[in-house]
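Peer 1: Mind having a look at this structure? Questions to follow.
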Amino acid sequence: MALRLAKDGAHIAIVDVEDENARAVADEVRKLGRKSITFNADVTNRDDVYAAIDHAEKSLGGFDVMINNAGIAQVQPIADVTPDEVEQILKVNVQGVLWGIQAAAKKFQERKHKGKIINAASVAGHDGFAMLGVYSATKFAVRALTQVAAQEYASDGITVNAYCPGIVGTDMWEEIDQRFADLTGAAVGATYKKYVEGIALGRAQTPEDVAAFVSFLAGPDSDYMTGQSSIIDGGLVYR
């Protein structure tokens, strides 16, 4: 997403809990001729999120788009989910998005100009998936926050939308597949293969597929779109 938006002409602020990864992406953005800064923060900490946006505005000379992309997965039967597991995934996937919405909207209001807030949801926010119950619940919650924020901030010219990817070939899905294997006895790779085989377009999703849609949400062509959580999954879940 950072690279695609940089190619679109944006300067990029990268916020992460890991400095090394953030710096590596920032270096790639700069090679594209755009400004890029990093900020170390934990999205579960509300003050961190507000500080990150202040830093982005001051360092880059503006603030126009917020992407609440941080998220974690959890593969666990409903019967075995523990309080600590629930607390952690809610903090990251729901509270992290909420703090991002609040902080971004406040900054747009202070600057007295329109802005775009883009949240990470999932096809699991449209359909609940077995063994992904609490994760699915968090993504349903992101859809709700997206709808409500869109209504509450529309008068300020702020749009709020979410993107809902499917089976993306990333490290997260490797972890999900391994967890399914541990819990069900399936061979490593079997769960990933099963879901990919259900995609109408016949292949797993790439990060570039997701970034292309986020580019649309961040750009002017989506100015009349708000409150939507759009599925981009190659044809897996239909709404």
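Peer 1: Provide a single number: the residues in segment 145-174 that are modelled with pLDDT of 95 or more, β-branched (Val, Ile, Thr) and closer than 28 Å to residue 76 by Cα.
Peer 2: 1
Here's the yes/no breakdown for (1) touching a strand residue (DSSP E or B) at 6+ places or on another chain (Cβ under 6 Å); (2) modelled with pLDDT under 95; (3) within 18 Å of residue 72 (Cβ to Cβ):
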position	(1), (2), (3)
97	yes, no, yes
101	yes, no, no
106	no, no, no
112	no, no, no
118	yes, no, no
122	yes, no, yes
127	no, no, no
136	no, no, yes
143	yes, no, yes
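Peer 1: Give all pairs with beta carbons closer than 8 Å in which a residue from segment 189-209 that is under 26 Å from residue 5 (Cβ atoms) and of a type in the set (Asp, Glu) meets a residue that is at pLDDT 90 or above and not in a loop (DSSP other than H, G, I, E, B); count only pairs at least 6 apart in sequence or on separate chains.
Peer 2: 208/4; 209/165; 209/168; 209/232
Peer 1: If you don't mind, there's one more thing I want to ask. Considering each residue of segment 100-118, count those that are closer than 23 Å to residue 224 by Cβ and either over 15 Å from the mean Cα position of the chain (by Cα) or in a loop (DSSP other than H, G, I, E, B) (or both), and give that number.
Peer 2: Result for segment 100-118: 9.
Peer 1: Go through segment 224-239 residue by residue and tally those that are in contact with a strand residue (DSSP E or B) (Cβ under 7 Å, 6 or more places away or on another chain) and either without any contact (Cβ under 8 Å) to a residue 24 or more places away in the chain or part of a loop (DSSP other than H, G, I, E, B) (or both).
Peer 2: Number satisfying all stated conditions: 8.
Peer 1: Among the residues of segment 108-129, which ones are of a type in the set (A, V, I, L, M, F, W, C) and either touching a residue at least 12 places away in the same chain (Cβ under 8 Å) or buried (at least 23 other Cβ atoms within 10 Å of the Cβ) (or both)?
Peer 2: 108, 117, 118, 120, 121, 123, 124
Peer 1: Restricting attention to segment 175-188, does a residue exist that is more than 23 Å from residue 103 (Cα to Cα), crowded, with 18+ Cβ neighbours inside 10 Å, modelled with pLDDT under 95 and not charged (D, E, K, R)?
Peer 2: Within segment 175-188, one or more residues are more than 23 Å from residue 103 (Cα to Cα), crowded, with 18+ Cβ neighbours inside 10 Å, modelled with pLDDT under 95 and not charged (D, E, K, R).
Peer 1: Kindly indicate the residue of segment 20-37 that is surrounded by 12 or more Cβ atoms within 10 Å (Cβ to Cβ) and of a type in the set (D, E, K, R) and also nearest to residue 70 (Cα to Cα) among those meeting that condition.
Peer 2: By that ranking, first place goes to 23.
The values are calculated or read from the model by the stated rules, or taken from the named source; none is laboratory data. All values derive from a computational prediction rather than experimental measurement. Cβ coordinates were reconstructed from backbone atoms using ideal geometry, including for glycine residues, and neighbour counts include every protein chain displayed.
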